[in-house]
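Since the structure comes first, as structure tokens, the remarks are kept for the end.
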Amino acid sequence: MAMSNGSSGGQAARILVVSLTLAALPAYASAPRDGLRLIETAPGQASWMTEGEALEISRARHAEGKCGGYFDITDDPAPPAPRALEIPIEIYDGPANEETVRPLLAEVSADRIRASVDRLSSFHTRHYQSEGGAQAAAWIRDQFIAASAHRSDITVEFFEHPSWRQPSVVARIAGVGRNASEVIVIGGHEDSINHSGWNADPAAHAPGADDNASGTSAILEIFRVLAESGYRPDRTIQFMTYAAEEVGLRGSQAIAAQYKQQNVNVVAAMQFDMTMYPGQNPGITLITDYTNPELTRFAAQLVDTYVGVPWREDKCGYACSDHASWHRQGYAAVFPFEAPNADMNRAIHTTRDTLALLNHQHGSHFAKLGLAMAVEIGTAR
Ligand code: BES
Ligand code: ZN
């Protein structure tokens, strides 16, 4: 694990071209049997299996203390070859809006984050196919609406998924002026799952406090502070809570694929998934695989300037969370995580993933980082 101090490339080059190399995808036949899913476990490597078999991959990896990610690509087996996206590199040129950011940071409330985690983890489950999953999404939507009722520049919507019950939720603060079409995404998954038992019973108790009521609550807090402050961004800021992450990043893939298809210019996608279990590690772990190195370096600068906690780098593995959906579509993603992988929270995906194991002060560091990034990128230079 190295501390990052690399340079972002020549100052003369003001444009950073982000491209993604994907191994050519093999041509897949349609499902050999009804109900099978196409599961990609490494770039260009996919096979047909049941949902239970896919979960078994993840469960086995977790038993080894590792993340076991995969994409369920049944609905989007061969995404178009990624286009090189052009990101004005000055976006990542270090903190430049301290006078705007500092007073907002003071508004972040660890207690509110804790209260949101308490509420979200009290749904019996937030499984993507369950009633609780749909109710949790409605509760999240209502929080966005309550914090922004006084603002006509903010819209809050469900992003519906025709194949399952739980919608994703999207709240937008519209940018003003010539940079308004550039979008910052602040996202994390709202669903939970209980992996014990074959095929993860959608009705099993799955509090998902750390995974991922914690990240969802950080997102709600960042939004609340921005909406109540009256801050008007130049770039558009979109807050998203994704459905169906726990079964192969399905909600975030649907959104990222649609944005790519509609040529939405996402300049940064920040992921919050697990933010309140530090283990023995104060500070923030920045994930370096399937993320953008320049954006990650910028996030480290923001931690130093605004959060004032140590940071380190680690890898998460293929498709471990929704940042990978954006990365796969060629967008720049960044993923600040609660702890190094070696110290991961072993209670996730069980009935023991509750607030009792968590630290809401640790969670507030992530809300501060997200808030700093939203304003630093949201404010044009
Ligand atoms: N929050 C986890 C990812 C995670 C777990 C990161 C442990 C680091 C340490 C996420 O919700 C998850 O469970 N991901 C699955 C993969 C997904 C595509 C099914 C996983 O890790 O197995
Ligand atoms: Zn999970």
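The values are calculated or read from the model by the stated rules, or taken from the named source; none is laboratory data. The shown structure was predicted, so the numbers you read here are calculated from the model rather than taken from an experiment. All Cβ positions, glycine included, derive from the backbone under ideal geometry; neighbour counts span all protein chains shown. Note: accessible area is taken over every heavy atom of the protein model, side chains too, but ligands, DNA and RNA are not part of it. Shrake-Rupley method; radii C 1.70, N 1.55, O 1.52, S 1.80 Å.
With the condition kept exactly as written, say whether any residue in the stretch 299-309 is closer than 24 Å to Gly68 by Cα and not in a helix (DSSP H, G or I).
Scanning the stretch 299-309 turns up no residue that is closer than 24 Å to Gly68 by Cα and not in a helix (DSSP H, G or I).
Which condition breaks for Glu246 when tested against (1) within 18 Å of the chain's Cα centre (by Cα); (2) open to solvent by less than 10 Å² (accessible area, probe 1.4 Å)?
Status for Glu246: all satisfied but (2).
Across the stretch 258-308, which residue is farthest from Met373 (Cα to Cα) among those that are acidic (Asp, Glu) and at pLDDT 95 or above? Working first, answer last.
Initially, the stretch 258-308 is screened for residues acidic (Asp, Glu), giving 273, 289, 294, 304.
Subset that is at pLDDT 95 or above: 273, 289, 304.
Details: Asp273: 16, Asp289: 20, Asp304: 12 Å.
Once the filter is applied, the top-ranked residue is Asp289.
If you scan the stretch 265-276, which residues turn out to be in contact with a helix residue (DSSP H, G or I) (Cβ under 8 Å, 6 or more places away or on another chain) and not hydroxyl-bearing (Ser, Thr, Tyr)?
Passing the criteria: Val266, Val267, Ala268, Ala269, Met270, Gln271, Phe272, Asp273, Met274, Met276.
Here is a yes/no grid of residues against (1) closer than 16 Å to Met240 by Cβ; (2) buried (at least 18 other Cβ atoms within 10 Å of the Cβ); (3) in contact (Cβ under 8 Å) with a residue 40 or more places away in the chain:
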residue: Ala96; (1), (2), (3): no, no, yes
residue: Val101; (1), (2), (3): no, yes, yes
residue: His127; (1), (2), (3): no, yes, yes
residue: Ser130; (1), (2), (3): no, yes, yes
residue: Ile140; (1), (2), (3): yes, yes, yes
residue: Gln143; (1), (2), (3): yes, yes, yes
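Which condition number does Thr275 fail, the rest of (1) assigned to a loop (DSSP other than H, G, I, E, B); (2) within 12 Å of ligand 1 (Cβ to nearest atom); (3) open to solvent by 10 Å² or more (accessible area, probe 1.4 Å) being met?
Just one mismatch for Thr275, condition (3).
Quick check on the stretch 202-216. Is at least one of its residues open to solvent by 20 Å² or more (accessible area, probe 1.4 Å), within 21 Å of Ala372 (Cα to Cα) and in contact with a Phe, Trp or Tyr (Cβ under 9 Å, 6 or more places away or on another chain)?
In the first step, residues of the stretch 202-216 are kept if they are open to solvent by 20 Å² or more (accessible area, probe 1.4 Å); the result is 202-205.
Subsequent filtering for residues that are within 21 Å of Ala372 (Cα to Cα) retains none.
Scanning the stretch 202-216 turns up no residue that is open to solvent by 20 Å² or more (accessible area, probe 1.4 Å), within 21 Å of Ala372 (Cα to Cα) and in contact with a Phe, Trp or Tyr (Cβ under 9 Å, 6 or more places away or on another chain).
If you take the residues of the stretch 145-174 that are over 21 Å from the mean Cα position of the chain (by Cα) and in a loop (DSSP other than H, G, I, E, B), which of them is surrounded by the fewest Cβ atoms within 10 Å (Cβ to Cβ)?
Per the stated criteria, the residue is Pro162.
For the stretch 190-242, give me each residue that is on the phi > 0 side of the Ramachandran plot and either touching a helix residue (DSSP H, G or I) at 6+ places or on another chain (Cβ under 7 Å) or more than 16 Å from ligand 2 (Cβ to nearest atom) (or both). Show your work before the answer.
In the first step, residues of the stretch 190-242 are kept if they are on the phi > 0 side of the Ramachandran plot; the result is 197, 199-200, 208, 230.
Selection gives Asn199, Ala200, Gly230.
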